[in-house]
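The values are calculated or read from the model by the stated rules, or taken from the named source; none is laboratory data. Everything numeric in this text was worked out from a predicted model, so none of it was measured. Cβ atoms come from the backbone with ideal geometry, glycine included; neighbour counts cover every protein chain shown.
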């Protein structure tokens, strides 16, 4: 699976949009981009994933560049409860098989300030 | 639904003691995973299972054993605990592989003294 690069930390003002970048320049055609977050001491929580089209759900939006070498997770109106470590993960999407090795890396610590 | 439940939530062991961590999921998921997370680090895969009766090694399997006798339960055992195994342990499950949303437990904080 492709390696990802994220900034170690970011700050955002409460109520503003938080834009978290991720570089995945070695991504291959059948690899998806996943985002998870981990609020202090809790288990990671799934946010969103996508292949090449932009995706949106009730939590966030995912913007993937046309060449798929980078992506941005957008939290449209960040709240204090969004303070967490955000992990960008690239993973092949195959049913069954050996796509077991989910590697989280160190992620980006997003701090939402009042 | 409870989702993924880990027991215990906290435990202190003496070096050389043994213990078993239990992970239970009520979503009929096929795949289950055990991770450990050390301060300032990401999650590292210890062992995983792709179905009842199956187990396999992840990135850091040494010092741990696992069993998946029932589909809903995935047990992580420490036969002889060492201080290096002090960590927070997370269990996760997915329907089939990581190409779907993964559900995580709330973690077990283990200290080995």
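In the condition set (1) more than 9 Å from every other protein chain (Cβ to nearest Cβ); (2) surrounded by 14 or more Cβ atoms within 10 Å (Cβ to Cβ); (3) in a loop (DSSP other than H, G, I, E, B), residue B:28 is compliant with all but (2). Tally up the residues in the stretch B:31-50 that are closer than 17 Å to residue B:101 by Cα and assigned to a loop (DSSP other than H, G, I, E, B), please. Going through the stretch B:31-50 one residue at a time, the tally reaches 1.
Taking the stretch A:92-114 as the range and being in contact with a strand residue (DSSP E or B) (Cβ under 7 Å, 6 or more places away or on another chain), at pLDDT 85 or above and more than 7 Å from every other protein chain (Cβ to nearest Cβ) as the test, the residues that pass are A:108, A:109, A:110, A:111, A:112, A:113. Hey, does the stretch B:6-24 have a residue that's farther than 20 Å from residue B:80 by Cβ, in contact (Cβ under 8 Å) with a residue 40 or more places away in the chain, more than 10 Å from chain A (Cβ to nearest Cβ) and surrounded by 20 or more Cβ atoms within 10 Å (Cβ to Cβ)? For the stretch B:6-24, residues farther than 20 Å from residue B:80 by Cβ, in contact (Cβ under 8 Å) with a residue 40 or more places away in the chain, more than 10 Å from chain A (Cβ to nearest Cβ) and surrounded by 20 or more Cβ atoms within 10 Å (Cβ to Cβ): present.
When you check residue A:46 against the structure, is it touching a strand residue (DSSP E or B) at 6+ places or on another chain (Cβ under 9 Å) and closer than 23 Å to residue B:88 by Cα, yes or no?
Details: touching a strand residue (DSSP E or B) at 6+ places or on another chain (Cβ under 9 Å): yes; closer than 23 Å to residue B:88 by Cα: yes.
When the stated conditions are applied, residue A:46 passes them.
Any residue at all in the stretch B:63-70 that's closer than 20 Å to residue A:37 by Cβ and more than 7 Å from every other protein chain (Cβ to nearest Cβ)? No - not one qualifying residue is present in the stretch B:63-70. When the test is whether a residue is modelled with pLDDT of 95 or more, out of contact with any helix residue (DSSP H, G or I) (no Cβ under 8 Å at 6 or more places or on another chain) and either surrounded by fewer than 20 Cβ atoms within 10 Å (Cβ to Cβ) or not in a strand (DSSP E or B) (or both), residue A:15 passes it.
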